[in-house]
Amino acid sequence: MIINLWSTPRTGSVWYSYHLKNLNPSSILLTEPFNRFHMDLYYSTNNGKIINQTHYSEGAFYKDYSILNGKICIQKKYQKRERTIDEEEKYLIDLFNNIDKSLTYIIHNHVSPISEYIFKTLTNLGKNIYIYRKDKLAQLASYAIAYETKEFVRFNKISSENQNLINITNIDSLKTLIERIKVWDNIDKNNIIAYEDITFYDLPGMPKKQNFDYKNQLTKESIRVLENLLSEYYYNN
């Protein structure tokens, strides 16, 4: 059985995918295997934080998928990638066609960027859950903080928030996020869950809440930038 969790960034979807895993202990959780933005990423860890980076450096790793007895396995490889993005996508599609479909897979993917073929294939194969965030300003703010700090997921508790206010430096990444949210809006869907309606809980090994109040983490000018972006590129289009 396949359970698809479809989302856009900063909607609580990583936490919710682990929640689904808790409800299905024997299941196999795959986090954004078909996200083309991730097919050239590397990761490093620092005090429980997972740092995304676009270039290989000493101690960084990438996630490599393989099949063992029909089951997808994930291995951290501490080396440079060997496949291009196009080669990685084809490799993953071929891999997925050979999995044991009697096993339960929870597949968390963003609705963009993903190939139309993969999206249609996955939605037709399994149960689909769609998660979003009602408060679009909070979503953009969370993404801006994650982008600037390079910290998208945390698995240990944070004692206090960063006292230095963050100033947004990359507007294009936020415009791209708005376009991805529009893709989510236009998908024909049911079984929809809102971030604001989730009762979050904490268990060992689960992602931790990172941003408690973006107004205390971003400069006032940055918040005005986000408000203007939403007004110009989301609400008025």
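Residue-by-condition table, conditions (1) part of a helix (DSSP H, G or I); (2) among the aromatic types (Phe, Trp, Tyr); (3) surrounded by fewer than 17 Cβ atoms within 10 Å (Cβ to Cβ):
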position: Pro25; (1), (2), (3): no, no, yes
position: Leu30; (1), (2), (3): no, no, no
position: Phe34; (1), (2), (3): no, yes, no
position: Ile51; (1), (2), (3): no, no, yes
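Taking segment 101-125 as the range and being loosely packed, with under 12 Cβ neighbours inside 10 Å and not polar (S, T, N, Q) as the test, the residues that pass are Glu116, Tyr117, Lys120.
Taking residues in segment 194-206 that are closer than 16 Å to Lys134 by Cβ and of a type in the set (Gly, Ala, Ser), and partners anywhere that are at pLDDT 90 or above and surrounded by 13 or more Cβ atoms within 10 Å (Cβ to Cβ), the pairs with Cβ atoms closer than 8 Å and at least 6 places apart or on different chains are Ala194/Ile131; Ala194/Tyr132; Ala194/Arg133. Under the condition of being surrounded by fewer than 15 Cβ atoms within 10 Å (Cβ to Cβ), touching a residue at least 40 places away in the same chain (Cβ under 8 Å) and not in a loop (DSSP other than H, G, I, E, B), the residues counted in segment 216-227 number 3. Taking the listed residues Tyr56, Tyr18, the one that is of a type in the set (Ser, Thr, Tyr), assigned to a loop (DSSP other than H, G, I, E, B), touching a residue at least 12 places away in the same chain (Cβ under 8 Å) and more than 19 Å from Pro113 (Cα to Cα) is Tyr56, with no other qualifying. Just a yes or no: is a residue in segment 170-177 loosely packed, with under 14 Cβ neighbours inside 10 Å, in contact with a strand residue (DSSP E or B) (Cβ under 6 Å, 6 or more places away or on another chain), more than 12 Å from Gly12 (Cβ to Cβ) and among the hydrophobic types (A, V, I, L, M, F, W, C)? For segment 170-177, residues loosely packed, with under 14 Cβ neighbours inside 10 Å, in contact with a strand residue (DSSP E or B) (Cβ under 6 Å, 6 or more places away or on another chain), more than 12 Å from Gly12 (Cβ to Cβ) and among the hydrophobic types (A, V, I, L, M, F, W, C): absent. Can you name the number of the only condition in (1) outside any loop (DSSP other than H, G, I, E, B); (2) buried (at least 17 other Cβ atoms within 10 Å of the Cβ) that Leu137 fails? Of everything listed in (1) outside any loop (DSSP other than H, G, I, E, B); (2) buried (at least 17 other Cβ atoms within 10 Å of the Cβ), Leu137 misses just condition (2). Would you pick out the residues in segment 65-77 that are basic (Lys, Arg) and in contact (Cβ under 8 Å) with a residue 40 or more places away in the chain? Answer for segment 65-77, where residues must be basic (Lys, Arg) and in contact (Cβ under 8 Å) with a residue 40 or more places away in the chain: just Lys71. Residues in segment 90-104 that are among the charged types (D, E, K, R), under 20 Å from Ile3 (Cα atoms) and not in a loop (DSSP other than H, G, I, E, B): Asp94 only.
Please pick out the residue among Tyr91, Tyr147, Tyr117, Tyr62 that is without any contact (Cβ under 8 Å) to a residue 40 or more places away in the chain and touching a helix residue (DSSP H, G or I) at 6+ places or on another chain (Cβ under 6 Å).
Details: Tyr91 fails: touching a helix residue (DSSP H, G or I) at 6+ places or on another chain (Cβ under 6 Å); Tyr117 fails: touching a helix residue (DSSP H, G or I) at 6+ places or on another chain (Cβ under 6 Å); Tyr62 fails: touching a helix residue (DSSP H, G or I) at 6+ places or on another chain (Cβ under 6 Å).
Just one listed residue meets the conditions, Tyr147.
Among residues of segment 23-40 that are within 23 Å of Tyr147 (Cβ to Cβ), none has a beta-carbon under 8 Å from a residue that is among the acidic types (Asp, Glu) and surrounded by fewer than 17 Cβ atoms within 10 Å (Cβ to Cβ) at least six positions away or on a different chain.
The values are calculated or read from the model by the stated rules, or taken from the named source; none is laboratory data. Everything quoted here is computed from the prediction, not taken from an experiment. Ideal geometry is used to build each Cβ from the backbone, glycine not excepted, and the neighbour counts take in all protein chains shown.
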